[in-house]
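Since the structure comes first, as structure tokens, the remarks are kept for the end.
The values are calculated or read from the model by the stated rules, or taken from the named source; none is laboratory data. Because the structure is predicted, anything quoted here is derived from the model rather than measured. Don't worry about glycine lacking a Cβ; one is built from the backbone with ideal geometry, like all the others, and counts go over all protein chains shown.
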Amino acid sequence: MKQSCNSGGRLGAFWRISLLLLLVLMAVFRMTPASAETKAFRIGILQEPRTLNVWLASDAWSSRVLSQMYEPLYIREPQDLKLVPWLAAADPVYDAATLSYTVPLRDAKWSDGSPLTAADVAFTGRLIQTFRIPRYISSWDFIEEIEALDPHTVRFVLKAPRAIFTSRTLTTPIVQKKRWAPVLEQLASQQDSMLRLLNHEVTDPVSSGPFVLKQWKKGAFLYLKKNPHFFANGKEISGYRLGPHIPGIIFKVYGTTDAAVLALKKGTIDFFWWGLQPGYLADLDQDPNVRVFSSQKSALYYVGLNLRRAPFDDIHFRQALATVIDKEFIIKRILHDYAVKMDSVVPPSNTFWYCPDVRRYGEGLGRDERIRRAYRILQEGGYSWEVPPVNGKGEVVTGEGIKMPDGREMRGITILTPPADYDPHRAMIGIMIQEWVKMLGMDAVSRPMPLGAMIHHVKTRHEFDCFVLGYGSLSLDPDYLRNFFISTNSKPKGWNTSGYHNPEFDRIAEASARTLDREKRRQLIWAMQKMVMEDLPWIPLYCPKLEEGARAGRFQGWINMVGGIGNKWSFCRIRPQ
């Protein structure tokens, strides 16, 4: 009897433990999408979105999630990067007499089943204009009138011709009037209405895209399910038959690249949506379960020069500096070939707008020949030395005591860089420029500085000699050339950080902003690139390559384009393999 009781007690304990395990498992499953949805595509991200308010979203993670739910009228197709109709049904029709564009719309619906109409498009534009949304107002400020002619036709009347209307205005995400109109009514009479709009909490965005939010477990994951009302499902656009062909996307938050790469190797995620540094690639290249995709970026890393102060106000000095900076060395020794050399301020990946005929400095030269050529340039500009960097025999030696053309001793120059723990590559580039400049007999020091303080010195106070910075994601419309170098932007917090002033550049830049003919505008953009590379307010260095990892053998149909495989075309095309 005693033995029987002990056996029963053990059996009861077994069931109690089993029940406890079952409850634990149920709790775990409540923290992840249901088992019926486990075939969803799993994406690893480093941080969760800061907001689901499309007007506030400026961080990468918010933008990547929201890009699956908010659609524009036009998007860029993968091969030639041309704008193609998306929510729009055809190309916009321009009427020069009225300075207007008419855009027809496809039959599309929101995720709640209601139709997406011209009223939504007009409402979106008026919202941006009324509240002057910082991220979008520059693309809508020149619109005089927005009119919904009928449910499927919208007309935009411009105040003046603007080239960025098609590339930026018409690529703005469209929001649902029904969802946002009540919010605007509440804010209209309040002070700081724009800030209140930006801070408006959105928990249930209404989607016109391929996916719609179903669940967000803060700090863990977001689950986006397939939108049954997505207009492109089953259609062919630009030669691509679109889906999506997956039930949804799970965004899993990992916090660090190490944790996300480990999850990719273990198969916990199907794709890590972030660029991989060279240190990870050797290991992943040997893993048969991981496929590494290499893509081009639209990016620019460069040396910016302060033309407001000597010696950077002298073209001879700038040309000599551009000559001694060895971009091939930077790419091979510092970046380990995970970058492409840039000889213009437009990336070569932007093939239509990139000018191949700009002036190049020191191309193909070895170290000594770079010093000799830079020395000759400085001599022509009137510089002198106590000990020249090239002796009477033409041999390169250590130069000392460089003097300005007016005979004054040249002061030491400072090269600002981000700190090594933020960007070791740019910090090392600053050190190398320091050493190359010293070879010409100049005093130079590379000074790492916290990024915020550095930008304040460069953009607000204009207290700098030169700096190493970059734009990791440039617009595919090169209107940024005008913003970066036009004279009117040489002001505190203005985009023209170098203080570049060239009346001819200003004239061409303004003409490029008004030119609607794409071919004519390209000639102007090319002329601007040539002028910048002659005058050298900036010295472009490189554009990093983008390396991304995905699980091999689980999904097929990736679309690799400028900016990587994490794009709308891919997510509408991939299917289980």
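Can you say whether ARG522 is basic (Lys, Arg) and either within 23 Å of the chain's Cα centre (by Cα) or buried (at least 18 other Cβ atoms within 10 Å of the Cβ) (or both), as far as the supplied structure shows? Talk me through it step by step, then tell me what you get.
Working: basic (Lys, Arg): yes; either within 23 Å of the chain's Cα centre (by Cα) or buried (at least 18 other Cβ atoms within 10 Å of the Cβ) (or both): yes.
Yes, satisfied.
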| When you go through VAL202, VAL206 one by one, which is the residue that is touching a helix residue (DSSP H, G or I) at 6+ places or on another chain (Cβ under 6 Å) and surrounded by 14 or more Cβ atoms within 10 Å (Cβ to Cβ)? | VAL206
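Of everything in the stretch 182-199, what is of a type in the set (A, V, I, L, M, F, W, C) and either loosely packed, with under 14 Cβ neighbours inside 10 Å or assigned by TED's automatic domain parsing to the domain that holds LYS225 (or both)? Give them in sequence order.
Going residue by residue through the stretch 182-199, those that are of a type in the set (A, V, I, L, M, F, W, C) are 183-184, 187-188, 194-195, 197-198.
Once the filter is applied, which keeps residues that are of a type in the set (A, V, I, L, M, F, W, C) and either loosely packed, with under 14 Cβ neighbours inside 10 Å or assigned by TED's automatic domain parsing to the domain that holds LYS225 (or both), the stretch 182-199 yields ALA188, LEU195.
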| request: Could you tell me which of the residues MET410, MET439, MET432, MET428 is more than 17 Å from ALA320 (Cα to Cα) and of a type outside the set (D, E, K, R)? | output: MET428
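If I ask for residues that are part of a helix (DSSP H, G or I) and free of Cβ contacts under 8 Å to residues at least 12 places away in the same chain, which ones from the stretch 481-517 would you list?
From the stretch 481-517, those part of a helix (DSSP H, G or I) are 481-485, 487-489, 503-514; that's our starting set.
Selection gives ASN489, ARG507.
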| request: Inspect all residues belonging to the stretch 102-123 and state whether any of them is over 26 Å from LEU224 (Cα atoms), hydrophobic (A, V, I, L, M, F, W, C) and at pLDDT below 95. | output: no
| remark: Of PHE131, PHE165, the only residue that is touching a residue at least 60 places away in the same chain (Cβ under 8 Å), buried (at least 20 other Cβ atoms within 10 Å of the Cβ), touching a Phe, Trp or Tyr at 6+ places or on another chain (Cβ under 9 Å) and aromatic (Phe, Trp, Tyr) is PHE131
| query | Hey, among LEU52, LEU87, which residue is surrounded by 21 or more Cβ atoms within 10 Å (Cβ to Cβ), among the aliphatic types (A, V, I, L, M) and either under 22 Å from LYS226 (Cα atoms) or at pLDDT below 95 (or both)? | reply | LEU87
| query | Do we have any residue at all in the stretch 399-406 that's modelled with pLDDT under 95, in contact with a Leu (Cβ under 6 Å, 6 or more places away or on another chain), surrounded by 18 or more Cβ atoms within 10 Å (Cβ to Cβ) and more than 30 Å from ARG521 (Cα to Cα)? | reply | yes
| message | I'd like the full set of residues that are crowded, with 17+ Cβ neighbours inside 10 Å and either over 26 Å from SER139 (Cα atoms) or touching a Cys at 6+ places or on another chain (Cβ under 8 Å) (or both), limited to the stretch 459-495. | response | HIS462, PHE464, ASP465, CYS466, PHE467, VAL468
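Would you pick out the residues in the stretch 283-297 that are out of contact with any strand residue (DSSP E or B) (no Cβ under 8 Å at 6 or more places or on another chain) and at pLDDT 95 or above? Let's see the steps before the verdict.
The first filter runs over the stretch 283-297 and keeps only residues out of contact with any strand residue (DSSP E or B) (no Cβ under 8 Å at 6 or more places or on another chain), leaving 283, 286-288.
Within the stretch 283-297, ASP287, PRO288 meet the criteria.
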| request: Check SER114 against each of (1) closer than 30 Å to THR268 by Cβ; (2) assigned by TED's automatic domain parsing to the domain that holds THR166; (3) touching a helix residue (DSSP H, G or I) at 6+ places or on another chain (Cβ under 7 Å); (4) of a type outside the set (Phe, Trp, Tyr) and name the one condition it does not meet. | output: (1)
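Select from the stretch 308-344 the residues that are within 27 Å of the chain's Cα centre (by Cα) and within 17 Å of MET531 (Cβ to Cβ) and list them in ascending order. Spell out how you get there, then give the answer.
Residues of the stretch 308-344 that are within 27 Å of the chain's Cα centre (by Cα), as a first pass: 322, 325-344.
Within the stretch 308-344, ALA322, MET342, ASP343, SER344 meet the criteria.
Taking the stretch 255-276, which residues are touching a residue at least 40 places away in the same chain (Cβ under 8 Å), in a helix (DSSP H, G or I) and not hydroxyl-bearing (Ser, Thr, Tyr)?
Step one: list which residues in the stretch 255-276 are touching a residue at least 40 places away in the same chain (Cβ under 8 Å), which gives 255-257, 260-261, 263-264, 267-276.
From the residues that got through so far, the ones that are in a helix (DSSP H, G or I) too are 257, 260-261, 263-264.
Listed by number, the residues that qualify are ALA260, VAL261, ALA263, LEU264.
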| If you check ALA122 against the conditions, is it outside any strand (DSSP E or B), outside the structural domain of THR515 (by TED's automatic domain parsing), buried (at least 17 other Cβ atoms within 10 Å of the Cβ) and in contact with a strand residue (DSSP E or B) (Cβ under 6 Å, 6 or more places away or on another chain)? | yes
| message | What are the pairs with Cβ atoms under 8 angstrom where one residue, in the stretch 332-348, is assigned by TED's automatic domain parsing to the domain that holds GLY472 and the other, located anywhere, is of a type in the set (Lys, Arg)? Sequence gap at least six, or different chains. | response | TYR338/LYS545; ALA339/LYS545; VAL340/LYS545; LYS341/LYS327; MET342/LYS327; ASP343/ARG360; PRO347/LYS297
| field | Check on PRO347, part of a loop (DSSP other than H, G, I, E, B) and more than 21 Å from the chain's Cα centre (by Cα) | value | no
